[in-house]
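The values are calculated or read from the model by the stated rules, or taken from the named source; none is laboratory data. Just so it is clear, the structure is predicted and the values come from calculations on it, not from any experiment. Virtual Cβ from ideal backbone geometry, glycine too; neighbours counted across all protein chains shown. Side chains included, ligands, DNA and RNA excluded: accessible areas come from the protein's heavy atoms. Shrake-Rupley method; radii C 1.70, N 1.55, O 1.52, S 1.80 Å.
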Amino acid sequence: MTARIGLLGGTFDPLHVAHLVVADQVLDQLGLDEVRLVVNHRPWQKEGDREITSSARRLEMVAAALAPIEGLAASDVEICLGGLSYTVETLAALEKDEPDTEWLVIVGADAAAGLDTWHQADRLRLEREFVVVNRPGEPDVDPPGWRTRRVEIPSLDVSSTEIRALVAAGRSVRHLVPESVIHRMDEWGLYRRSS
């Protein structure tokens, strides 16, 4: 029997509750076997924007947060590939290792609006189905020419940018970020103004 696995790629710098809600809602609503959170090695769309925490540390935070959650798992496929992270290359690597799997790419509505700018977008448009999750303030418009299915999630307006800003300001991020992630952020001194 073919496994159906969702792929939620991201920088996860850091992972927060909205990421978990997206993954869990897609897993549940589509009846998938698993959702993997794919930690980007070097996210090509964020190159030069800011300093990004090492991929090894981001993977450790994601893996620690997901360890007790059935059906969700961390993936290091893009870290193992090295270089810039491109979805088309990630999928090729996964299909080589797990050929009997149906892969569904999960994106927010904001990312779905920019699918035409992705690396080898024409190939992705022809070969892939995307799961589009709603985001606060985003229109419910699927990108023309792409195979998509929509999953509605509870509105959570939380971002990694906001989490980093709260930590830098010395404010609490409890209940916005899993305790295991907070522990590692504290241990490593991540996102503080002096780090």
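Test of understanding: among Ala67, Ala63, Ala3, which residue is closer than 20 Å to Val177 by Cβ and touching a residue at least 12 places away in the same chain (Cβ under 8 Å)?
One residue alone meets the criteria, Ala67.
Of the residues Glu34, Glu78, which is in contact with a Gly (Cβ under 7 Å, 6 or more places away or on another chain), among the charged types (D, E, K, R) and in contact (Cβ under 8 Å) with a residue 12 or more places away in the chain?
Glu34
May I ask you to verify whether Val132 is within 16 Å of Gly108 (Cβ to Cβ), among the aliphatic types (A, V, I, L, M) and open to solvent by 90 Å² or more (accessible area, probe 1.4 Å)?
The answer is no for Val132.
Check off (1) at pLDDT 95 or above; (2) surrounded by fewer than 18 Cβ atoms within 10 Å (Cβ to Cβ) for Pro144 and give me the number that stays unchecked.
With respect to (1) at pLDDT 95 or above; (2) surrounded by fewer than 18 Cβ atoms within 10 Å (Cβ to Cβ), Pro144 is out only on (1).
Go through segment 99-111 and give me each residue that's modelled with pLDDT under 95 and acidic (Asp, Glu).
Matches in segment 99-111: Asp100, Asp110.
Before we move on, is Gly71 within 18 Å of the chain's Cα centre (by Cα) and under 30 Å from Pro144 (Cβ atoms)?
It is false that Gly71 is within 18 Å of the chain's Cα centre (by Cα) and under 30 Å from Pro144 (Cβ atoms).
Of all residues in segment 166-195 being basic (Lys, Arg) and open to solvent by 90 Å² or more (accessible area, probe 1.4 Å), which is nearest to Leu156 (Cα to Cα)?
Of everything passing the filter in segment 166-195, Arg174 is nearest to Leu156 (Cα to Cα).
Mind listing whichever residues of segment 147-165 are of a type in the set (A, V, I, L, M, F, W, C) and open to solvent by 40 Å² or more (accessible area, probe 1.4 Å)?
Leu156, Ala165
Would you pick out the residues in segment 39-80 that are of a type in the set (A, V, I, L, M, F, W, C), modelled with pLDDT under 95 and farther than 18 Å from Ala111 by Cβ?
None - no residue of segment 39-80 is of a type in the set (A, V, I, L, M, F, W, C), modelled with pLDDT under 95 and farther than 18 Å from Ala111 by Cβ, so the list stays empty.
Any idea which of (1) hydrophobic (A, V, I, L, M, F, W, C); (2) touching a residue at least 60 places away in the same chain (Cβ under 8 Å); (3) in a loop (DSSP other than H, G, I, E, B) is the one Val141 doesn't satisfy?
Evaluating Val141 over (1) hydrophobic (A, V, I, L, M, F, W, C); (2) touching a residue at least 60 places away in the same chain (Cβ under 8 Å); (3) in a loop (DSSP other than H, G, I, E, B) leaves (2) as the failure.
Yes/no per residue for (1) among the small types (Gly, Ala, Ser); (2) under 30 Å from Met1 (Cα atoms):
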position: Glu70; (1), (2): no, yes
position: Gly114; (1), (2): yes, no
position: Leu124; (1), (2): no, yes
position: Asp140; (1), (2): no, no
position: Pro143; (1), (2): no, no
position: Arg150; (1), (2): no, yes
